Amino acid sequence: MPVLGLDANATEPLRPEARDAVLRALDQPGNPSSVHAEGRAARRLLEEARAAVATAFGAKPQDIVFTAGGTEANALAVRGLAPGRRVLLGATEHPAVLRAAPATAETIPVLPDGTADLAALEALLGAGGPALVCLMAANNETGVLHPVAEAAALCRRHGALLHVDAVQAAGRVPLALAGADSIALSGHKMGGPKGAGALLLRPGIDLAPLIAGGGQERGRRGGTEPLPAIAGMAAAALAARPEAAIRLAALRDAIEVGVAAAAPEARFPGRAAPRLPNTTSILLPGVAAETQVIALDLAGVRVSAGAACSSGKVAASHVLAAMGLGAEAGAAIRVSLPWNAAEDAPERFVAAWSAMRDRLSRRAA
Amino acid sequence: MRILVAMSGGVDSSVVAGLLAEQGHEVVGATLQLYDHGAAAAKRGACCAGQDIHDARDVADRLGIPHYVLDREQVFRREVIGDFADTYARGETPVPCIRCNQTVKFRDLVALARDLGCAALATGHYARRVEGPDGAELHRAADPARDQSYFLAATTRDQLAFARFPLGDMPDKAAVRAVALRLGLAVAEKPDSQDICFVPEGRYDSLVARLRPGAVAAGDVVHADGRVLGAHGGIARYTVGQGRGLGAASWDGQERLYVAGVDAARRRVVVAPRGSLETGTATVGEVNWLIDPPSEPLRCAVKLRAREAPRAATVAWDAAAGLARVALDAPGIVAPGQACVLYDGDRVIGGGFLRAPGSVDRVPAAA
């Protein structure tokens with residue numbers, strides 16, 4: 001039985017352009033910090049990658065800090081920008097942001113549709129001193145797009161900094177992030193290899209490094225740059241075309257239509273909000289997400305639920321809980337189509353999902 | 001057939017998974033995450049998953065079977081650790097392994113296995129499941145030194161029908177380790193687990209102190225005749241029959257004293273000479289029958305604690321009260337909270353929990 005991979009928000013399949021770039025970079029023997037010819041050649045490759053990422057996201061090359069991934073990019077921004085500021089965190093942020101923030105951080109609630117409550121944000125901004133606001137562009141579990149441009153305007157008015165975790169949005173939807181002070185990206189979520197990420201900084205923003213080391217990345221991130229991973233990320237960023245969104249959104253919508261037809265009790269948290277084209281959250285009342293994920297895996301369908309801990313256990317979703325789903329927060333799975341999803345993915349998914357649902361409802365009867 | 005195997009990361013359940021996979025079954029491994037290992041070991045920053053979970057995943061990888069980690073921290077805290085502390089606070093002595101088998105293992109994993117379309121749930125317990133004329137029977141393991149049938153006595157007939165214990169016929173542990181070696185499992189030489197899994201280094205009083213502080217508050221040690229002989233540091237430290245930990249109250253002149261009872265309400269530990277601890281009767285609640293409940297008094301053997309040979313008794317089932325009334329042929333020591341398991345030869349025919357004399361049953365047995 002061929003596997004049906006629908007867990008792209010965990011990691012996208014490697015794009016062929018990225019694979020080629022990785023292989024080319026593997027043959028580059030130098031260290032970008034070396035003075036000699038091989039070092040200069042490696043440096044050239046690194047700066048080409050930087051320019052490509054800058055082009056893809058409308059940044060200036062000198063404002064891009066390469067990291068080992070999205071988590072590090074988020075941590076670098078939050079830790080680097082938080083000192084001396086109140087930290088305001090979106091309720092549905094990823095642990096990469098939540099766990100980089102100080103314990104005193106305050107929460108920006110979300111509306112029932114999953115989007116950040118801008119009125120609450122404005123009230124929070126008006127209530128105290130200079131702030132750092134952290135708001136993700138797109139949520140990893142529901143795909144809900146937050147009103148980042150509006151949040152940026154509020155931040156500007158109140159003298160606050162805005163950090164945007166764009167790990168899930170980058171490459172999938174056009175990023176309108178002109179007002180952000182820092183933006184975190186992850187290579188493998190765009191179809192690059194694992195092991196590289198980037199932090200895009202607004203010109204003039206400076207921050208202290210998490211790792212000082214040899215002063216690479218203009219002193220903002222020490223350590224020899226992982227050239228193959230960075231080159232792969234850059235190639236993926238150029239290859240990822242938000243136009244593909246139309247095709248993916250049609251496939252995603254077909255999944256939702258098929259699931260709703262098979263099971264009137266199914267719900268789709270976040271469906272009322274603007275979303276990533278590839279993502280849907282499917283809630284089957286009364287059935288633990290863990291059971292659904294395992295049952296689908298045994299049927300060859302790869303999905304996920306909540307945020308997977310390194311132990312692999314399925315934890316309850318703080319994202320769905322923040323949207324007011326209560327006990328049902330533990331009954332939703334995330335289905336996320338990869339960039340290369342096949343046209344028959346909806347049909348195959350709905351067949352597997354319906355078979356699972358029918359067996360479970362027979363058991364419950 | 002598709003079989004769910006509860007994999008603890010130890011050698012026993014690893015061998016179960018390996019044997020079933022070798023027989024050609026579609027084996028699905030599951031490991032329960034029962035408590036935050038990092039927190040239990042008081043190690044800051046340690047992963048919530050202990051080494052056992054990593055071992056279970058390694059074994060599953062080696063066997064090429066799917067493996068899942070199931071977060072059962074909440075239900076385990078509520079139903080096993082909570083019951084553990086509550087039982088001590090009542091002046092009784094809990095058997096957490098039975099509670100765990102009864103709840104997160106058999107009740108919940110059987111349900112999950114059925115949800116996943118599995119035909120059976122297999123575990124590494126040392127017990128035998130025998131297909132009898134009236135359905136599945138629970139029997140003692142072939143290896144008497146390893147027999148765990150006492151800890152499985154709360155397994156219901158429906159759960160037993162679905163369960164498999166492939167190690168029940170193993171002659172001894174060495175044979176199990178030999179299978180592990182043959183299958184190339186890295187856990188072949190892993191030491192057996194000890195004591196209570198959620199209590200590091202056997203120090204359970206600090207856990208009880210956190211959950212039920214009254215159970216570790218000081219009180220009097222009182223002789224059965226009413227004399228106050230000394231003080232104790234918490235009723236949770238005492239079990240009926242215990243001789244250690246009584247300090248000055250260990251002796252009454254030349255006579256050695258033992259715990260005869262725990263009076264939780266007055267925070268008293270009652271001591272008495274050995275001879276007067278023994279009783280000829282016991283009352284058993286929360287009874288799980290693995291035969292049709294007997295309408296007449298039944299001759300059988302009963303085990304009053306895990307490490308004790310079964311003793312001859314007559315058991316009368318009081319269906320209205322949901323209690324089994326046990327008359328022992330020869331008097332024994334009854335520690336409330338411990339399980340009383342009923343045997344017919346090697347077969348487990350029922351089991352429940354020993355009640356303190358005069359206590360009211362809290363949980364009526366299901367009809």
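What follows is calculated from the coordinates using simple rules that are stated; it is not laboratory data. On a predicted model such as this, the values are computed, not experimentally measured, just so you know. Ideal geometry is used to build each Cβ from the backbone, glycine not excepted, and the neighbour counts take in all protein chains shown.
Remark: the stretch A:16-239 carries a charge dipole of roughly 460 debye about the Cα centre, counting +1 on each Lys and Arg Cβ and -1 on each Asp and Glu Cβ.
The C-alpha atoms of chain A define a longest principal axis, and helix A:245-262 lies at about 20 degrees to it.
With respect to chain A, whose longest principal axis is taken over its alpha-carbon atoms, helix A:345-364 is tilted by about 50°.
Quick one: among B:P94, B:P200, B:P310, which has the greatest mean-square fluctuation in a GNM of chain B with alpha-carbon springs under 10 angstrom? Answer for the Gaussian network model of chain B: B:P200. When the Cα convex hull of chain B is projected onto planes of every orientation, the mean area is 19.3 nm². So which residue, out of B:S13, B:S250, B:S276, gets the largest mean-square fluctuation from a GNM of chain B using Cα contacts under 10 Å as springs? Of B:S13, B:S250, B:S276, the most mobile in the Gaussian network model is B:S276.
Dividing the mean sequence gap of close Cα pairs (under 8 Å, 6+ apart) by how many residues the stretch A:242-364 holds gives a relative contact order of 31 percent.
Look at the stretch B:70-76: the mean tally of other chain Cβ atoms within 10 Å of its residues' Cβ atoms is 3.
Counting pairs of alpha carbon atoms under 8 Å apart in space and at least six apart in sequence, what relative contact order in percent does chain B give?
This gives 15 percent for chain B.
Kindly give the semi-axes, whole Å and largest first, of the ellipsoid equivalent to the stretch B:139-226, taking each as the square root of 5 times a Cα gyration tensor eigenvalue.
Working: eigenvalues 279, 79, 42 Å².
Here the semi-axes work out to 37, 20, 14 Å.
Of all the options A:I211, A:I108, A:I230, the one that moves most in a Gaussian network model of chain A with Cα springs shorter than 10 angstrom is A:I211. If you bin all the Cα-Cα distances of the stretch B:185-241 at 5 Å, starting from zero, the percentages per bin are 4, 15, 16, 18, 13, 10, 8, 7, 4, 2, 2, 1. Neighbour counting of Cβ atoms within 10 Å sorts the residues B:F353, A:F268, fewest neighbours leading, into A:F268, B:F353. Note on the protein assembly as shown: antiparallel DSSP beta bridges, both residues inside, total approximately 65 percent of the bridges counted.
Shielding by partners for peptide A:298-306, expressed as the average number of C-beta atoms from other protein chains within 10 Å of each residue's C-beta, is 1. For the stretch B:278-354, the relative contact order is 41 percent, taking Cα pairs closer than 8 Å that sit 6 or more residues apart in sequence and dividing their mean separation by the residue count.
Peptide A:286-295 has a mean shielding of 3, counted as Cβ atoms of other protein chains within 10 Å of each residue's Cβ.
Consider all pairwise Cα distances in the stretch B:217-276 and report the whole-number % of them above 19 Å.
Details: 224 of 1770 pairs.
Above the 19 Å cut-off, the stretch B:217-276 has 13 percent of its Cα pairs.
Label-to-label distance for B:A330 and A:A37 is 9.5 nm, based on points extended 7 Å past Cα in the beta-carbon direction.
Based on the Cβ-Cβ distance from A:R359 to A:A261, what FRET efficiency comes out when R0 is 30 Å, to the nearest 0.05? List each step's numbers first, then the result.
Details: r = 18 Å, r/R0 = 0.60.
Here the calculated transfer efficiency is 0.95.
Axis angle, to the nearest 10 degrees, between helix A:227-239 and the longest C-alpha principal axis of chain A: 60 degrees. When both the stretch B:71-105 and the stretch A:118-172 are represented by their alpha-carbon centers, they are found 44 Å apart.
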